[in-house]
Amino acid sequence: MNFKNILIGITLSLSTISCIQDEALNVEAAIDGCSGANIQLININEISREIEIFVFEGSNIAAQELNFTLPDGATISPDQSQSKDNPPYYDFSTEKERTFTVTSEDGSNKATYTVNLYTIELPLKYSFENLREINPYHVLYLTDVNGIMQWASGNQGYNLCGMATNAIQYPTSQADGGVEGKCVKLVTQSTGTFGMNTNPKMPIAAGNLFIGSFNMTYAIIAPRQATQFGFPFTRKPLKMSGYYKYKPGATLTDQNGNVISGKTDTGDIYAVLYEAPNSDFSLDGDLFTEGNEKAKNIVSMARIDKTEATDQWARFDLDFKLQNGKTINEDNLKAGKYKLAIVFSSSIQGAYFEGAIGSELCIDEVEITCE
C-alpha cells in the first residue's frame, strides 16, 4: 500500500470517528431553567437540586405552567402524577412540594429535583438573622418568619472560579456584629485567572444581595443579565431605611485589571419600583446603562448618594422619588403590575467589573416604609 492510500485510509478513519462522536447521545441530566405564566421568581439550587417557584396570589396553581429548560435530548416527568397534570401544566393545588426526575438523552443519568410552589407577599423588614444554607456559601432567608423566600446573590456564579475554600471567602456572607444580632457582609473579591480568561473579562466579583434571582445560564456569557431584580409589590413605597458600614478597598481597577488612579471605590444601596408588563419581565444588572430601554419602566427610586467610609453603623433614610415622568397607577398597583427591587453592592460599578478588591459593605435592619 503506497503512502497516498495510507493517508486516505487515516483520513477516512478519523472522519468516521468524528461522526460517531458527533452522534453520541447527551449524558447530561439537569434542570437549567424554568418559565411559565404567572411565575414571578425562580430560584434553582443545583447543589441541593431544589427549585423554588413564586407565583402571584390568586394564580391557578391547579394548572401551573412549567416549561423546563433541559440539556439536549433530556426528558422530565413528575415522580407522582396528579389527575389534573397536562404537561407543561402541573397541579400543585394539593401538594405544594413535588419531585421531578430528569433523564439524560442516553438514559444513563438521572437527576431528581424537588419543586416547591409558593404564593407570598413581599415583607417590609429585613434583619439578615437566619441562614437557609451554609455550604458551600451562605444563602439568607428573605422572610425570617416562615423561612420560605431567600435573598439572591452572585455567590452561585462566583463558585465557578474556585477561589473560595469556605463560605466566608465568598463575596456575600452573613456576619456577626450587626446593629442587632447578625448582619450581611458584602466584599469585592478577586476571581483569579478564571475571571481574566473569560470573555468579557471578569477580574472581580462585587459582593451583592438583592431581591430577585440569579440565572446561571447567563453567568459567563452575559453576566449582567444573570442578576434579575424584583418581585411583585402592591404597596406605594415612601422610604427605605437601614444601617450600613463601609470600607473601600485599597486599589480601584477597571475590567481589564488596570489601576484607576485618583478614585476610591464606593458601595451602592438602592430600591426601585418599576412597571412589570408581564410576570417574566425583570430589571437586571444593566439597569443604569445609558440608553437601557428597561430602565424606562422605573416609576420610583430610592438610592444613596454615596456610602461614606465608616467602621461604625451609619443610618440611611432614602426617599422614593418618581422617575421618568411617571406616577403610580393605583389599579395597576393592586393588580400586581409593579415590582420592587432592593439591591446592595460592595462596589457601585461591580456589574461592569470595576471595583477594589477588599471593598466591604455591611448592611443591617432594613425597612421599607409604605403609604
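All of the numbers you see were taken from the coordinates with simple rules; none came from a lab. Quick caveat, the model's predicted, so the values are computed rather than measured. Methodologically, a virtual Cβ is constructed for each residue, glycine included, from the backbone with ideal geometry; neighbour enumeration extends over all protein chains shown.
Points worth noting:
- In terms of its C-alpha gyration tensor, region 246-363 comes out prolate, because a/c is 1.5 or above and the ratio a/b outweighs b/c.
- Which listed pairs, of LYS296/LYS337; LYS96/LYS337; LYS296/LYS321; LYS182/LYS236, have C-alpha distances above 19 Å, in listed order: LYS96/LYS337; LYS182/LYS236
- Relative contact order, percent, the chain [alpha-carbon distance under 8 Å, six or more residues apart]: 17 percent
- Three-way shape label, region 64-182, alpha-carbon gyration tensor, a/c 1.5: oblate
- Counting all C-alpha pairs of region 101-259, share separated by more than 19 Å (%): 64 percent
- Candidate cross-link partners of LYS185 among the lysines, defined by an alpha-carbon separation under 27 Å and a same-chain spacing of 8 or more, comprise LYS125, LYS201, LYS239, LYS245, LYS247, LYS263, LYS306, LYS339.
- Of all aspartates and glutamates in the structure, the ones whose alpha carbon falls short of 18 Å from that of LYS294, not counting any fewer than 8 places away in one chain, are GLU275, ASP280, ASP284, ASP286.
- ASP72 paired with GLU50, simple spin-label distance in nm, labels 7 Å along Cα-to-beta-carbon: 3.4 nm
- Each of VAL366, PHE68, ASN256 was placed along the dipole of the chain (beta-carbon charges, centred on the mean Cα), and the one lying farthest toward the positive end is ASN256.
- Calculated mean residue ellipticity at 222 nm for the chain: -2500 deg cm²/dmol, from DSSP H runs with n ≥ 4 weighted as -39500 (n - 2.57), summed, divided by the residue count and rounded to 500.
- Inter-label distance for ASN258 and ASN332, nm, one decimal - labels placed 7 Å from Cα along Cα-to-Cβ: 4.2 nm
- Dipole magnitude for the chain: computed about the Cα centre from +1 point charges on Lys and Arg Cβ and -1 point charges on Asp and Glu Cβ, it is near 640 debye.
- Region 118-244 - percent relative contact order, Cα under 8 Å, separation 6 or more: 21 percent
- Positive minus negative residues near GLU46 (Lys, Arg vs Asp, Glu; Cβ under 14 Å): -4
- Between 0 and 90°, nearest 10: helix 3-22 axis offset from the chain longest Cα axis: 50 degrees
- Take every DSSP beta bridge whose two residues both sit in the chain; close to 95 percent of them are antiparallel.
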